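Some notes on the structure that comes next.
The values are calculated or read from the model by the stated rules, or taken from the named source; none is laboratory data. Keep in mind that this is a model prediction, so the values were computed, not measured. For neighbour counting, all protein chains shown are included, and Cβ atoms are generated from backbone atoms with ideal geometry for every residue, glycine included. Heads up: the accessible areas ignore ligands, DNA and RNA and are worked out on the full protein's heavy atoms, side chains in. Shrake-Rupley method; radii C 1.70, N 1.55, O 1.52, S 1.80 Å.
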Amino acid sequence: GNLAVLIPKRYTGKVKQVRILNPEGTKELAKGKYSGVGNGDREHYRFNKAGGQYPAGAIVLIEMKNGDVHHVKIKDTAKRMER
């Protein structure tokens, strides 16, 4: 299936958008589509490609409504990652 990013419960209702950036963080590769809350009250963002179709080292950028930004660098985009 396609990439789905689940946001930690503590951020539910606080996320503005979720994007995938290239490994250098200089180019947007995709923007997630909000698809609801589930799996332990976590927001879900879905993408149009499978995770492995993004380059190794891609960055998940989580922009918050209050202006804060969180990011996670994904070493192997083809594997499931939990933090």
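Residues of region 3-42 that are free of Cβ contacts under 8 Å to residues at least 40 places away in the same chain and hydroxyl-bearing (Ser, Thr, Tyr): Thr12, Thr26, Tyr34, Ser35.
Note on region 1-51: among residues that are within 9 Å of the chain's Cα centre (by Cα) and part of a loop (DSSP other than H, G, I, E, B), the one that is nearest to Ile74 (Cα to Cα) is Leu3. May I ask you to list the residues in region 1-28 that are surrounded by 12 or more Cβ atoms within 10 Å (Cβ to Cβ), of a type outside the set (Lys, Arg) and either touching a helix residue (DSSP H, G or I) at 6+ places or on another chain (Cβ under 6 Å) or within 17 Å of Met81 (Cα to Cα) (or both)? Answer for region 1-28, where residues must be surrounded by 12 or more Cβ atoms within 10 Å (Cβ to Cβ), of a type outside the set (Lys, Arg) and either touching a helix residue (DSSP H, G or I) at 6+ places or on another chain (Cβ under 6 Å) or within 17 Å of Met81 (Cα to Cα) (or both): Leu3, Ala4, Val5, Leu6, Ile7, Pro8, Val18, Ile20, Leu21, Pro23. Kindly evaluate Glu82 against the criterion of being open to solvent by 50 Å² or more (accessible area, probe 1.4 Å) and outside any helix (DSSP H, G or I). Judged against the criteria, Glu82 is a match.
Scanning region 56-74 for residues being surrounded by 13 or more Cβ atoms within 10 Å (Cβ to Cβ) and in a loop (DSSP other than H, G, I, E, B) gives a total of 1. Residue count for region 29-49 under the criterion of being under 18 Å from Asn2 (Cβ atoms) and open to solvent by 30 Å² or more (accessible area, probe 1.4 Å): the result is 10.
Could you list, in sequence order, all residues of region 43-69 that are under 12 Å from Val18 (Cβ atoms) and in contact (Cβ under 8 Å) with a residue 24 or more places away in the chain?
Glu43, His44, Tyr45, Arg46, Phe47, Ile59, Val60, Leu61, Ile62, Glu63, Met64
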